[in-house]
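Participant: Could you have a look at this structure, given as structure tokens, before my questions?
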Amino acid sequence: MHPIDRNRAVQRFEAVSRLALGHYPTPLEKMPRLRNALGGGPKLFIKRDDYTGAGFGGNKVRKLEYVLAAAQADGVDSVITCGGERSNHCRVTAMLAARLGLECTLVLNAPGREDVPKPASLAIEEVVGARIVRVASREERTPAMEQAAEELRGRGMRPVVIPVGASTPLGALGYVSAASELAEQLAARELRFDAIFFSSSSGGTHSGLAAGKELFLHPNTRLIGISPDDSSGSIQSTVSGILEGMSGKLGVELDCEITVVDEYVGEGYGVESSAGREALELAARMEGFLLDPVYTAKAMAGMIDWIRRGRLPSSGNVLFWHTGGQMALFHT
């Protein structure tokens, strides 16, 4: 972007309303023992967005700060969103809705079987009073959300429907803010990253970081999204669509390089992979933090594989952005 465009974009970004719901800045830490376990290579760092706080942390908090600020300004009294039975987004939405005094409806594509342990996220959603609507597939979620919204409007309420992951141009501003936060941390340490790895699925985190890189980070920093589910082409298309919407909000043309790698999905979404399990155990035993089997373990597996294959500069600095999700490890 031309400097004058950047200045205008930053001004427009800073003017967007946001609720103060998370705990920032999240820590930026070194991972020397993991680096040694991999036989050397680039210096490794981790951005701990599992420490955002609200709803047991994770990347959804940053997005919902913008989405719920707009909802409150519109006078809504209830929120509706969707996800799987272990959805981080649904758990955080339910907990923040309770905090803000909003009624919450969650549309979950899950069978609700009595013969398997209840996911921890679902148990939490029930504790905070969310209404659970079950559907059989992902395809049924959007119609079910619209039906729930119509029912609430029929009761005289004012609901807002939040798409999966809060991955909208507005929600993605949460990761523009995260990039600005990271830039301040890097300036204080006189440091820059050659590559940033993260889990890329519904597109909000990826598009926010891509826009945030244009505004705040070094232009040579590579953003490498690791898919836990869909094809690289599908996610790239989703990210491009969100960036197009963000361009309108920021008043600039965001022509960002979008890299999504789909080699580490394994057998599918929510199915633990052997490489992901190895990454999860290495991170826990070498650095003392937990990943989750759905998203971050597969993203870490991708970063580890790139290092082992010599695909990153051995003298450089590489960041792993931990987007949370550890509750998927637990059941009640």
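Participant: Give the residue, chosen from 97, 123, 144, 148, that is in contact (Cβ under 8 Å) with a residue 24 or more places away in the chain, under 23 Å from residue 16 (Cβ atoms), outside any strand (DSSP E or B) and of a type in the set (Gly, Ala, Ser). It would help to see each step written out before you state the result.
Facilitator: On the way: 123 fails: under 23 Å from residue 16 (Cβ atoms); 144 fails: under 23 Å from residue 16 (Cβ atoms); 148 fails: under 23 Å from residue 16 (Cβ atoms).
Selected residue: 97, the only one of 97, 123, 144, 148 that is in contact (Cβ under 8 Å) with a residue 24 or more places away in the chain, under 23 Å from residue 16 (Cβ atoms), outside any strand (DSSP E or B) and of a type in the set (Gly, Ala, Ser).
Participant: Restricting attention to the stretch 169-190, and to residues there that are hydrophobic (A, V, I, L, M, F, W, C) and over 20 Å from the mean Cα position of the chain (by Cα), which single residue is farthest from residue 207 (Cα to Cα)?
Facilitator: Taking the stretch 169-190 first, the residues hydrophobic (A, V, I, L, M, F, W, C) are 170, 172-173, 176, 178-179, 182-183, 186-188.
Add one more test, that the residue is over 20 Å from the mean Cα position of the chain (by Cα), and what stays is 186-188.
Numbers: 186: 21, 187: 23, 188: 25 Å.
Only one residue tops the list, namely 188.
Participant: Within the stretch 133-164, work out how many residues are among the hydroxyl-bearing types (Ser, Thr, Tyr) and within 19 Å of residue 60 (Cβ to Cβ).
Facilitator: Taking the stretch 133-164 first, the residues among the hydroxyl-bearing types (Ser, Thr, Tyr) are 137, 142.
Right, trim to within 19 Å of residue 60 (Cβ to Cβ) and you get 142.
Selection size over the stretch 133-164: 1.
Participant: Another question, if that's okay. Of the residues 302, 316, 270, 266, only one is in contact (Cβ under 8 Å) with a residue 40 or more places away in the chain and over 21 Å from residue 221 (Cβ atoms); which?
Facilitator: Details: 302 fails: over 21 Å from residue 221 (Cβ atoms); 316 fails: over 21 Å from residue 221 (Cβ atoms); 266 fails: in contact (Cβ under 8 Å) with a residue 40 or more places away in the chain.
Among 302, 316, 270, 266, only 270 is in contact (Cβ under 8 Å) with a residue 40 or more places away in the chain and over 21 Å from residue 221 (Cβ atoms).
Participant: Does residue 129 satisfy the criteria of being more than 19 Å from the chain's Cα centre (by Cα), in contact (Cβ under 8 Å) with a residue 12 or more places away in the chain and part of a loop (DSSP other than H, G, I, E, B)? Please lay out each step first, then the result.
Facilitator: Numbers: more than 19 Å from the chain's Cα centre (by Cα): yes; in contact (Cβ under 8 Å) with a residue 12 or more places away in the chain: yes; part of a loop (DSSP other than H, G, I, E, B): yes.
In short, yes.
Participant: Which one of these is over 20 Å from residue 158 (Cβ atoms) and surrounded by 24 or more Cβ atoms within 10 Å (Cβ to Cβ): 43, 60? Let's see the steps before the verdict.
Facilitator: On the way: 43 fails: surrounded by 24 or more Cβ atoms within 10 Å (Cβ to Cβ).
Criteria check complete, one pass: 60.
Participant: Looking only at the stretch 1-44, which residues are farther than 25 Å from residue 319 by Cα and either without any contact (Cβ under 8 Å) to a residue 40 or more places away in the chain or of a type in the set (Phe, Trp, Tyr) (or both)?
Facilitator: If the condition is that a residue be farther than 25 Å from residue 319 by Cα and either without any contact (Cβ under 8 Å) to a residue 40 or more places away in the chain or of a type in the set (Phe, Trp, Tyr) (or both), then 2, 3, 4, 7, 11, 14, 15 are the ones that fit.
Participant: Quickly run through the stretch 36-52 and pick out the residues that are within 13 Å of the chain's Cα centre (by Cα) and β-branched (Val, Ile, Thr).
Facilitator: Once the filter is applied, which keeps residues that are within 13 Å of the chain's Cα centre (by Cα) and β-branched (Val, Ile, Thr), the stretch 36-52 yields only 52.
Participant: Related question: Can you confirm whether the stretch 191-198 contains a residue that is farther than 29 Å from residue 304 by Cα, among the β-branched types (Val, Ile, Thr), part of a strand (DSSP E or B) and in contact with a strand residue (DSSP E or B) (Cβ under 7 Å, 6 or more places away or on another chain)?
Facilitator: From the stretch 191-198, those farther than 29 Å from residue 304 by Cα are none; that's our starting set.
Checking the stretch 191-198: not a single residue is farther than 29 Å from residue 304 by Cα, among the β-branched types (Val, Ile, Thr), part of a strand (DSSP E or B) and in contact with a strand residue (DSSP E or B) (Cβ under 7 Å, 6 or more places away or on another chain).
Participant: Now for a different question. With 332, 296 as the choices, which residue is in contact with a helix residue (DSSP H, G or I) (Cβ under 9 Å, 6 or more places away or on another chain), over 25 Å from residue 62 (Cα atoms) and polar (S, T, N, Q)? Full working, then the answer.
Facilitator: Working: 296 fails: over 25 Å from residue 62 (Cα atoms).
Of the residues listed, the single one that is in contact with a helix residue (DSSP H, G or I) (Cβ under 9 Å, 6 or more places away or on another chain), over 25 Å from residue 62 (Cα atoms) and polar (S, T, N, Q) is 332.
Participant: Quick check on the stretch 177-195: of everything there that is in contact with a Phe, Trp or Tyr (Cβ under 6 Å, 6 or more places away or on another chain) and of a type in the set (A, V, I, L, M), which residue is nearest to residue 261 (Cα to Cα)?
Facilitator: By that ranking, first place goes to 179.
Participant: Just to be sure, is residue 183 within 20 Å of residue 9 (Cβ to Cβ), without any contact (Cβ under 8 Å) to a residue 40 or more places away in the chain, surrounded by fewer than 21 Cβ atoms within 10 Å (Cβ to Cβ) and not β-branched (Val, Ile, Thr)?
Facilitator: Working: within 20 Å of residue 9 (Cβ to Cβ): yes; without any contact (Cβ under 8 Å) to a residue 40 or more places away in the chain: yes; surrounded by fewer than 21 Cβ atoms within 10 Å (Cβ to Cβ): yes; not β-branched (Val, Ile, Thr): yes.
Against the criterion (within 20 Å of residue 9 (Cβ to Cβ), without any contact (Cβ under 8 Å) to a residue 40 or more places away in the chain, surrounded by fewer than 21 Cβ atoms within 10 Å (Cβ to Cβ) and not β-branched (Val, Ile, Thr)), residue 183 qualifies.
Participant: Also, I was wondering about something else. If you take the residues in the stretch 267-292 that are modelled with pLDDT under 95 and either out of contact with any helix residue (DSSP H, G or I) (no Cβ under 9 Å at 6 or more places or on another chain) or at positive phi (or both), which one is surrounded by the most Cβ atoms within 10 Å (Cβ to Cβ)?
Facilitator: From the stretch 267-292, those modelled with pLDDT under 95 are 267-272; that's our starting set.
Cutting the leftovers down to either out of contact with any helix residue (DSSP H, G or I) (no Cβ under 9 Å at 6 or more places or on another chain) or at positive phi (or both) gives us 267-271.
On the way: 267: 9, 268: 9, 269: 16, 270: 14, 271: 14.
Among residues in the stretch 267-292 that are modelled with pLDDT under 95 and either out of contact with any helix residue (DSSP H, G or I) (no Cβ under 9 Å at 6 or more places or on another chain) or at positive phi (or both), the one surrounded by the most Cβ atoms within 10 Å (Cβ to Cβ) is 269.
Participant: Here's another thing I want to ask about it. How do the helices (runs of 4 or more DSSP H) wholly within the stretch 1-87 filter down when requiring 3 or more residues that are basic (Lys, Arg) and either over 29 Å from residue 304 (Cα atoms) or in contact with a helix residue (DSSP H, G or I) (Cβ under 8 Å, 6 or more places away or on another chain) (or both): which remain?
Facilitator: 3-14, 60-73
Participant: Something else about it: Can you pull out the residues in the stretch 186-219 that are basic (Lys, Arg) and surrounded by fewer than 20 Cβ atoms within 10 Å (Cβ to Cβ)? Before you say what the answer is, go through the steps one by one.
Facilitator: First, pick out the residues of the stretch 186-219 that are basic (Lys, Arg): 189, 192, 213.
Listed by number, the residues that qualify are 189, 192.
Participant: Can you tell me which of 215, 209, 223 is in contact with a His (Cβ under 9 Å, 6 or more places away or on another chain) and either in contact (Cβ under 8 Å) with a residue 40 or more places away in the chain or outside any helix (DSSP H, G or I) (or both)? Full working, then the answer.
Facilitator: Working: 215 fails: in contact with a His (Cβ under 9 Å, 6 or more places away or on another chain); 209 fails: in contact with a His (Cβ under 9 Å, 6 or more places away or on another chain).
When all the criteria are applied, what remains is 223.
Participant: Also, I was wondering about something else. Just checking, which of 19, 64 is within 20 Å of residue 176 (Cβ to Cβ) and not assigned by TED's automatic domain parsing to the domain that holds residue 319?
Facilitator: Details: 19 fails: not assigned by TED's automatic domain parsing to the domain that holds residue 319.
Answer to the selection: 64.
The values are calculated or read from the model by the stated rules, or taken from the named source; none is laboratory data. These numbers come from a predicted model, not from an experiment. Note that we place each Cβ from the backbone using ideal geometry, even for glycine, and neighbour counts take in every protein chain shown.
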